[in-house]
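Here is the structure we will look at, set down as structure tokens.
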Amino acid sequence: MARKIRVGLIGAGGNTRSRHIPGFQKMPGVEIVCVANRTLASGREVASQFGIPVVYEHWMEVVEDEKVDAVCIGTWPYLHAAATIAALESGKHVLCEARMAMNAAEARDMLAASQQSGQVAQVVPSPFGLMGEPTILSMLTAGRLGEMRELYLRNLSGAGLDAAAPLSWRQRTDLSGLNVMALGIYYETAQRWFGMAESVVAQSRTFAPRRTDPATGRLADADVPDSVAVLARWPGGAQGVFHLSAHAVHGGGPRLEAYGSAGAITYDFATDTLSFASAGDKAMKPVAIPKSKRGAWRVEQDFIDSIRDGRPVTHTNFADGLKYMQFTEAVARSAAEGRRVALSEV
């Protein structure tokens, strides 16, 4: 019989309700025993919806509950470090929602706490490209791209054009830190496939700097950029461009392009469409992703498997989470200071 794992929830936002709770509840021997949400009322609503027996008013009550074996942290980034470190120090395993932390220093503290605790510590991974990842990694290992020369990752949309749309936590640095849109999450996918960047030069812009705060009904600062352009460099000399904007209507969906000495790979994140051409081909051709090699969302299962069987965390461990937070912070520093920033500085 599988070892019983009792999970406590700190925060129950959209991703927690749509993915984590159903994921845990369908696994034998896994029980969600308590929840603490942003307000007591919202916690009770989640508990009623999913049949969770205990609702706490404060997140520390989840940490201090001796019946809890593992904590799933689904809050906004402002609480990730404090809740993660407290849970690990209390002997509990941790699954922390992306974005990992407010900045690299917090991520480094979280990594240190996980190493000292010996508990399982996992960051919810970037979902982009999971289906095609095994196939792409096989292609890269086989040398089909050759030496990487250029990387281009973009997501241009008009999601921020409506200035009357309410202020989101993603647009507030006090709640989201240095995270800009989904930049760090897209970079995490690129990092899994092509390794860690060496340095960045960045510029950013906030085209809609004031929005209505739904909590107060008053205008407030939207101080997280809604457009960012990054020129990155890899240790081997390859260059990369990351361009994200919420003010580029009809700009096209999220897409990665990689160009090497032997060929080119493109991946459409919205449709999980993979294409390839060798240097001698005349055009890109679709690459079938075999069903037997398709990656998938396994976050909750992987977390429980790591607790029960000691399997190493791959998607995503805290060490790799720190790396993408170093990239995120290097981008923020470069945009603010107008200079190239090495990730080793962060």
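The values are calculated or read from the model by the stated rules, or taken from the named source; none is laboratory data. The structure presented is a predicted model; accordingly, all values stated were derived computationally and were not measured. For neighbour counting, all protein chains shown are included, and Cβ atoms are generated from backbone atoms with ideal geometry for every residue, glycine included.
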### Message
Pull out all pairs, ordered by first then second residue, where Cβ-Cβ is under 6 Å, the residues are six or more apart or on different chains, the first lies in segment 312-329 and is touching a residue at least 24 places away in the same chain (Cβ under 8 Å), and the second is of a type in the set (Asp, Glu).
### Response
TYR324/GLU188
### Query
Only one of (1) in a helix (DSSP H, G or I); (2) farther than 30 Å from ILE5 by Cβ; (3) without any contact (Cβ under 8 Å) to a residue 12 or more places away in the chain fails for ASP305. Which number is that?
(2)
### Query
Mind checking which residues of segment 112-139 are over 23 Å from GLY310 (Cβ atoms), among the hydroxyl-bearing types (Ser, Thr, Tyr) and buried (at least 18 other Cβ atoms within 10 Å of the Cβ)?
SER126, THR135
### Query
Is it the case that SER278 is small (Gly, Ala, Ser), farther than 19 Å from ILE185 by Cα and in the same structural domain as ALA112 (by TED's automatic domain parsing)?
no
### Query
Take the residues of segment 260-308 that are surrounded by fewer than 20 Cβ atoms within 10 Å (Cβ to Cβ) and of a type in the set (Ser, Thr, Tyr): which is farthest from GLU150 (Cα to Cα)?
SER292
### Query
Do we find a residue being polar (S, T, N, Q) and within 30 Å of THR216 (Cβ to Cβ) anywhere in segment 148-170?
yes
### Task
Among residues belonging to segment 315-342 that are assigned to a helix (DSSP H, G or I) and among the β-branched types (Val, Ile, Thr), point out the one that is surrounded by the fewest Cβ atoms within 10 Å (Cβ to Cβ).
THR328
### Task
Would you check which residues across segment 193-210 are in contact with a strand residue (DSSP E or B) (Cβ under 7 Å, 6 or more places away or on another chain) and over 17 Å from GLU147 (Cβ atoms) and list them?
SER199, VAL200, VAL201, ALA202, GLN203, SER204, ARG205, PHE207, PRO209, ARG210
### Task
Output yes when any residue across segment 252-263 is more than 18 Å from GLY143 (Cβ to Cβ), under 23 Å from the mean Cα position of the chain (by Cα) and modelled with pLDDT under 95, and no when none is.
yes
### Query
Of all residues in segment 264-287, which are under 27 Å from the mean Cα position of the chain (by Cα), not in a strand (DSSP E or B) and not acidic (Asp, Glu)?
PHE269, ALA270, THR271
### Message
If GLY295 satisfies all but one of (1) more than 30 Å from SER204 (Cα to Cα); (2) in contact with an Asp or Glu (Cβ under 6 Å, 6 or more places away or on another chain); (3) without any contact (Cβ under 8 Å) to a residue 24 or more places away in the chain; (4) not basic (Lys, Arg), what's the number of the condition it fails?
### Response
(3)
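Hey, can you tell me all the residues within segment 311-338 that are farther than 23 Å from ALA190 by Cα and either among the charged types (D, E, K, R) or at pLDDT below 95 (or both)?
Just the residues of segment 311-338 that are farther than 23 Å from ALA190 by Cα, to begin with: 311, 336-338.
Within segment 311-338, ARG311, GLU337 qualify.
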### Query
Taking segment 260-285 only, how many residues are under 19 Å from PHE128 (Cα atoms) and touching a Ser or Thr at 6+ places or on another chain (Cβ under 6 Å)?
2
